[in-house]
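A.B. asks: This is the structure I have questions about; it appears just below.
Bear in mind these aren't lab numbers, they're just calculated from the coordinates by the rules spelled out. Treat the numbers as computed from the prediction; the structure is a model and nothing was measured. Note that each Cβ is placed from the backbone with ideal geometry, even for glycine, and that neighbours are counted across all protein chains shown.
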Amino acid sequence: MRLIDENGLRIDGRKVDELRPIRIEAGVLKRADGSAYVEWGKNKVIAAVYGPRECHPRHLQDPSKALVQCRYNMIAFSVMERKRPGPDRRSVEISKIIAEALEYVIFTEYFPRTSIDVYIEILQANAGTRCAGLTAASVALADAGVPMKDLVPAVAVGKVDNQVVLDLTKEEDNHGQADLPMAIIPRTGEVLLMQMDGHMTVEEFNKAIDLGYKACEKIYQLQKDALRRRYAVEEIETFEEAQHPQTAMEE
Amino acid sequence: MARSVMSEIKKDHIHRLLARGKRVDGRNWDEFREITIQTNFTETAEGSARVKLGNTDVLVGVKMETGIPFPDTPDKGVLATNAELIPLASPTFEPGPPDENAIELARVVDRGIRESEMIDLDALCIVPNEEVWICFVDIYVLDYDGNLFDASFLGAVAALKSTIVPASRYGKGEDFKLPIRCLPMSVTAVQIENSILVDPTLDEEKVAAARLTVTTDENGDIRAMQKGLKGSLTVDQIKKIIETSQRLGKELRKLVG
């Protein structure tokens, strides 16, 4: 199966260094302290944050800092073959690495004995859900007002038809040669999440990292834009309007 | 659901307004919150619907698989309904297997669909005794602000109505629309100090003494009921809720079309 054509274009028409369309929305849920919705190609992901709040179970409480807990979950109809509800080994592992990545950027020492709970639900999956989930989760944390060093953009780079390719789709992931999800702190360039499976030379890896960093910068902008849209306050034009917003509106 | 505390001030507020025949959000006693239904929300599902009922937000999806029929219904398809109160939706929802609230929700939705014979299960038989279609209805609550019963039921009906059975994927001929016979509708009301309120918000549910869900079909006949919470209802109150369910069910049905 050919995944990249002679013009260097992929099945969905993207170039090898091109992201799928990404839409991020902050503050989409009423009950959660913070939330975000991400559409990333055919991925649909929603993330919610509760806390800092009382830590349960209590024996996990840390007197010096907050505990960051994460639950990554795929809903039953998010994939073609129905997934049995409940955690499996894959989702437990992903939950763990996302929690660890987020813990590093959160100023956990401000909230001793508490828990900051991050919930990520994959509503529709098409490869790259952990990256979309982490991207959404960090926007949800910001929406919840949790103090952080930075937002955390994440993206997967891979290898398809012997080429290093950015942001794999399901098809590319299934038939590809390598998958390398990564997340960074844009301000410092530190790597917060990195996994890899498949087969890559060191040169290919270096190229992949380079693609990943550039993509993360773009995703970082989209994250910030989403928060600005959520919290932007419309400027009041004149003193008159500020004094009588009602009458100004009626006019 | 873990502890769900509510301030006395808020409770008093609801009670005081109710004494004057008013609700906190200004609705009439028999008025639903604003409803939006978005079908085909999830492409990976055979049918799906996201329902917003005020601030309550529910996503329902349908997956179809082939499998073995139950021994007592060898020539009928199988309906399996499941609900997840995921912790994303409320500070009181906890991770883990479905608790009693999730199970009650799934069973009440299931009963309304099953007893109204909404799905033609006979048409979902492939080979009697051997192979039938299994229809999984999965309900996910995304944001919890009361009345999960009606939001979930509306979502289930809308999702089923939009479902295409993926027969070609299973080598069972051409895809076909899930055979639907009728559109049942559920209406839930609570009793607070002998007032009846339709489509309760979370705060109203918290102060409510009793809850009743009535599922009716297109003829206005009753197909399923569920009384909940610790208080009681009078027969007159039950009759009033049934009459309301028939009346409002007609309006809700138009939303699913």
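A.B. asks: Helix B:148-161 versus the longest principal axis of chain B: what is the Cα-based angle in degrees, 0 to 90, to the nearest 10?
C.D. replies: 30
A.B. asks: When 1/r is averaged over all different Cα pairs and the result inverted, which Kirkwood radius in Å belongs to chain B?
C.D. replies: Numbers: mean 1/r = 0.0528 Å⁻¹.
About 18.9 Å, per the Kirkwood formula over Cα pairs.
A.B. asks: A further question follows. Add +1 for every Lys or Arg and -1 for every Asp or Glu among the other residues with Cβ under 11 Å from the Cβ of B:Thr36, and state the total. Before the final figure, lay out the partial values.
C.D. replies: Values: positive: B:Arg33, B:Arg50, B:Lys52; negative: B:Glu34, B:Asp57.
That sum, taken over residues with Cβ under 11 Å, equals +1.
A.B. asks: Could you grab the relative contact order for chain B? Cα pairs under 8 Å, six or more apart, rounded to a whole percent. Please list the in-between numbers first.
C.D. replies: Numbers: 554 pairs, mean separation 51.5, N = 257.
20 percent.
A.B. asks: Looking at region B:1-67, which GluC sites (Glu not before Pro) are in a loop (DSSP not H, G, I, E or B) and have at most 14 other Cβ atoms within 10 Å? Write down the numbers at each step before the final one.
C.D. replies: On the way: sites: B:Glu8, B:Glu31, B:Glu34, B:Glu43, B:Glu46, B:Glu65; in loops: B:Glu31, B:Glu34, B:Glu43, B:Glu46.
Answer by residue number: B:Glu31, B:Glu34, B:Glu43.
A.B. asks: OK, next. Using Cα centres only, tell me the gap between region A:42-78 and region A:85-162 in whole Å.
C.D. replies: Cα centres, region A:42-78 to region A:85-162: 9 Å.
A.B. asks: So, one more: Normalise the Cα radius of gyration of the protein assembly as shown by 2.2 N^0.38 Å (N = residues in it) and let me know the number. The partial results should precede the final answer.
C.D. replies: Values: Rg = 25.0 Å, N = 508, 2.2 N^0.38 = 23.5 Å.
That ratio works out to 1.06.
A.B. asks: Partner chain Cβ atoms within 10 Å, averaged over the residues of A:118-130 - can you pull that number for me? Don't skip to the answer; put the middle values down first.
C.D. replies: Values: counts 1, 6, 1, 8, 0, 10, 7, 2, 2, 0, 0, 0, 0.
Per-residue shielding by partner chains comes out at 3.
A.B. asks: Please state the charge dipole magnitude for region B:72-138, taken about the Cα centre, from unit charges on C-beta atoms (+1 on K and R, -1 on D and E), reported in debye and rounded to the nearest 20. Kindly include the intermediate steps, with their values, before the conclusion.
C.D. replies: Numbers: 4 positive and 15 negative charges, 29 e Å.
Here region B:72-138 has a charge dipole of around 140 debye.
A.B. asks: Between B:Lys239 and B:Ser7, what length in nm is gained on full extension when 0.36 nm per residue of separation is reduced by their alpha carbon distance? List each step's numbers first, then the result.
C.D. replies: On the way: separation 232, 0.36 × 232 = 83.52 nm, distance 3.23 nm.
Here the answer is 80.3 nm.
A.B. asks: To continue, here is another question. Give me the dipole magnitude in Debye, nearest 20, for chain B about the Cα centre, with unit charges on the beta carbon: positive for Lys and Arg, negative for Asp and Glu. Don't jump to the answer; show the numbers that get you there.
C.D. replies: Details: 32 positive and 41 negative charges, 177 e Å.
It works out to roughly 860 debye.
A.B. asks: Continuing with this model, one more query. Could you give the size of the charge dipole of the protein assembly as shown about its Cα centre, using +1 on the Cβ of each K and R and -1 on the Cβ of each D and E, expressed in debye and rounded to the nearest 20? Walk me through the intermediate numbers first.
C.D. replies: Details: 65 positive and 81 negative charges, 178 e Å.
That gives the protein assembly as shown a dipole magnitude of about 860 debye.
A.B. asks: Please quote Rg/Rh for region B:159-257 to two decimal places, taking the Kirkwood radius as Rh and restricting both calculations to Cα atoms.
C.D. replies: On the way: Rg = 17.6 Å, Rh = 15.3 Å.
Using only Cα positions, Rg/Rh for region B:159-257 is 1.15.
A.B. asks: Next question. Could you tell me what a quarter of the Cα convex hull surface of region A:22-228 works out to, in nm² with one decimal place? List each step's numbers first, then the result.
C.D. replies: On the way: hull surface 45.9 nm².
Computed as one quarter of the Cα hull surface, the answer is 11.5 nm².
A.B. asks: Any idea how far apart A:Lys149 and B:Asp120 come out in nm if each label point goes 7 Å out from Cα toward Cβ?
C.D. replies: A separation of 6.2 nm, rounded to one decimal place.
A.B. asks: Less than 16 Å from a label point 7 Å out along the Cα-to-Cβ axis of B:Leu17: which backbone N atoms in region B:188-210 qualify, by residue?
C.D. replies: So the set is B:190-193, B:195-208.
A.B. asks: How high is the FRET efficiency from B:Glu193 to B:Glu34, r the C-beta distance, R0 25 Å, rounded to 0.05?
C.D. replies: Working: r = 26 Å, r/R0 = 1.05.
In this case the efficiency is close to 0.45.
A.B. asks: If you don't mind, another one. What spacing in nm lies between the two simple spin-label points modelled at B:Lys230 and A:Asp210, each 7 Å away from Cα in the Cβ direction?
C.D. replies: About 6.8 nm separates the two model spin labels.
A.B. asks: While we're looking at this one, here's another question. How big is the shadow of the Cα convex hull of region B:57-188, averaged over all directions, in nm²? Don't skip to the answer; put the middle values down first.
C.D. replies: Values: hull surface 33.1 nm².
With the hull built on Cα positions only, its mean projection is 8.3 nm².
A.B. asks: Now a separate question. Take A:Glu109 and A:Lys218, extend 7 Å from each Cα along the Cα→Cβ direction, and tell me the distance between the two endpoints in nm.
C.D. replies: So the label points at A:Glu109 and A:Lys218 sit 3.7 nm apart.
A.B. asks: Could I ask something else about it? How long are the semi-axes of the ellipsoid equivalent to region B:41-120, from square roots of 5 times the Cα gyration tensor eigenvalues, in whole Å, largest first?
C.D. replies: Details: eigenvalues 133, 50, 34 Å².
Semi-axes (√(5λ), whole Å): 26, 16, 13.
A.B. asks: If you take every residue apart from A:Glu18 with its C-beta less than 9 Å away from the C-beta of A:Glu18, what net charge results, scoring Lys and Arg +1 and Asp and Glu -1? Can you show the working numbers first?
C.D. replies: On the way: positive: A:Arg10, A:Arg14, A:Lys15, A:Arg20; negative: A:Asp17, A:Asp167.
Computed value for this residue: +2.
A.B. asks: Could I ask something else about it? Among the trypsin sites (Lys or Arg not before Pro) in region B:162-233, which ones are in a DSSP loop with at most 11 other Cβ atoms within 10 Å of the Cβ? Mind listing them?
C.D. replies: Values: sites: B:Arg169, B:Lys172, B:Lys177, B:Arg181, B:Lys206, B:Arg211, B:Arg223, B:Lys227, B:Lys230; in loops: B:Lys172, B:Arg181, B:Lys230.
Sites meeting the loop and neighbour criteria: B:Lys230.
A.B. asks: Excluding A:Leu168 itself, what net charge comes from residues whose Cβ is under 11 Å from its Cβ, given Lys and Arg +1 and Asp and Glu -1?
C.D. replies: Values: positive: A:Arg10, A:Arg14, A:Arg20, A:Lys159, A:Lys170; negative: A:Asp12, A:Asp167, A:Glu171, A:Glu172, A:Asp173, A:Asp179.
Taking every Cβ under 11 Å from that of A:Leu168, the sum is -1.
A.B. asks: Using amide H atoms built 1.01 Å from N in the peptide plane, name the residues 5+ places from B:Leu79, or on other chains, whose amide H lies under 5 Å from its own.
C.D. replies: Those qualifying (amide H under 5 Å, at least 5 residues apart or on another chain) are B:Cys135.
A.B. asks: Next up: Pairs of alpha-carbon atoms within less than 8 angstrom and 6+ residues apart define the contacts here; what relative contact order does chain A have, in percent? Working shown, then result.
C.D. replies: Values: 521 pairs, mean separation 50.0, N = 251.
Rounded, it is 20 percent for chain A.
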